[in-house]
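Note sheet for the following structure.
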Amino acid sequence: MNRRYRKTVIAGNWKMNKTPAEAKALINEIKETIGKVKWCDVIVCVPFVDIPVAVKATKGAKISVGAQNIHFEPKGAYTGEISADMLKELGVKYVIVGHSERRTYHGETNETVNAKLHASIDGGLTPIVCVGETQAQRDMGISKDIIRAQVKTAFYKIPADRARKIIIAYEPVWAIGTGLTATPAEAQEICSEIRAVIRSLYDARIARAVTILYGGSMNPANAAELLAQPDIDGGLIGGASLKAETFVPICVL
Ligand code: PEP
């Protein structure tokens, strides 16, 4: 983590959990227990239908609201989809793009992820773009090749002044929701590689400014060691973000 040069973030990804009433209750509980957060921006990425209550409940608290997906077109005949303008108007600041669950279950590709990054930025949202290798790719020893291709395609034609504001989350697919976590050294190695790719695409200044998160079974017990790594600037938290008692301790480390 390097707070001198970049923003540090703890973002909860609630996935398909919490009704609006449950969302309000969880945010209130987080607010009551979180106190003063010193080192990071706190974000909750909630289901679309929870956005209005989440925005209202976080008002006055230092917690921002994010969405979990976005469509790459600004409007049109895309039944069931949500655009950047719609999210922005509700008060959403961040959006997760290319989560592995969307790549696996909803056919998202490196190319659609790139289109969604453009749409988020054009719409005034800060994307949290997810990259990560599967267990099979890891076993084949091609993790870095996969990550390089994902990052390079995601950032295709993203101008430098926009690129520096994008948050990247390294989420090894084999660690998501499994209880398995990359060791701090493994996570650091890949996050450092991601920064090297950004350096090769842009320059050292932009690479130094980009926030890179680790995600994959992060919890209060393993967070400190992961966050102590020089290229890990925060966490994207799934399961542990669903309860204040496991989310708040990570935010106040
Ligand atoms: C995620 O879904 O982004 C995630 C990191 O999940 P978990 O923390 O449950 O592994």
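The values are calculated or read from the model by the stated rules, or taken from the named source; none is laboratory data. What you see is a predicted model, and the numbers here were worked out from it, not measured in a lab. Don't worry about glycine lacking a Cβ; one is built from the backbone with ideal geometry, like all the others, and counts go over all protein chains shown.
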> Using beta carbons and a limit of 9 Å, which pairs, at least six apart or on different chains, have the first residue in the stretch 218-245 and on the phi > 0 side of the Ramachandran plot and the second one among the small types (Gly, Ala, Ser) and within 12 Å of the ligand (Cβ to nearest atom)?
Replying inline: Gly234/Ala11; Gly234/Ala169
>> Can you confirm whether Val129 is closer than 19 Å to Tyr202 by Cα and part of a helix (DSSP H, G or I)?
In response: no
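Residues checked against (1) within 16 Å of the ligand (Cβ to nearest atom); (2) out of contact with any Asp or Glu (no Cβ under 6 Å at 6 or more places or on another chain):
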site	(1), (2)
Asp145	no, yes
Arg162	no, yes
Ile167	yes, yes
Glu171	yes, yes
Ala175	yes, yes
Ala187	yes, yes
Arg195	no, no
Ile198	no, yes
> In the stretch 127-142, is there at least one residue being closer than 24 Å to Ser83 by Cβ and over 16 Å from the mean Cα position of the chain (by Cα)?
Replying inline: no
>> Quick check on the stretch 161-196: of everything there that is under 21 Å from Thr104 (Cβ atoms) and not aliphatic (A, V, I, L, M), which residue is surrounded by the fewest Cβ atoms within 10 Å (Cβ to Cβ)?
In response: Gly179
>> I'd like to verify a number: residues in the stretch 214-226 that are touching a Cys at 6+ places or on another chain (Cβ under 9 Å) and either of a type in the set (A, V, I, L, M) or within 8 Å of the ligand (Cβ to nearest atom) (or both), how many?
In response: 1
> Right, Ala61: more than 16 Å from the ligand (Cβ to nearest atom), outside any strand (DSSP E or B), touching a Lys or Arg at 6+ places or on another chain (Cβ under 6 Å) and not aromatic (Phe, Trp, Tyr) or not?
Replying inline: yes
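Determine which member of the set Pro52, Pro47, Pro20 is more than 30 Å from Glu189 (Cα to Cα), of a type outside the set (D, E, K, R), within 16 Å of the ligand (Cβ to nearest atom) and surrounded by fewer than 23 Cβ atoms within 10 Å (Cβ to Cβ).
Values: Pro52 fails: within 16 Å of the ligand (Cβ to nearest atom); Pro20 fails: within 16 Å of the ligand (Cβ to nearest atom).
From the options Pro52, Pro47, Pro20, the qualifying one is Pro47.
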>> I want to confirm something. Restricting to the stretch 85-118 and keeping residues that are assigned to a loop (DSSP other than H, G, I, E, B) and either touching a His at 6+ places or on another chain (Cβ under 6 Å) or free of Cβ contacts under 8 Å to residues at least 40 places away in the same chain (or both), which single residue is nearest to Pro47 (Cα to Cα)?
In response: His106
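Can you find even one residue in the stretch 90-104 that is away from the ligand (no atom under 16 Å from the Cβ), crowded, with 23+ Cβ neighbours inside 10 Å and at pLDDT 95 or above?
yes
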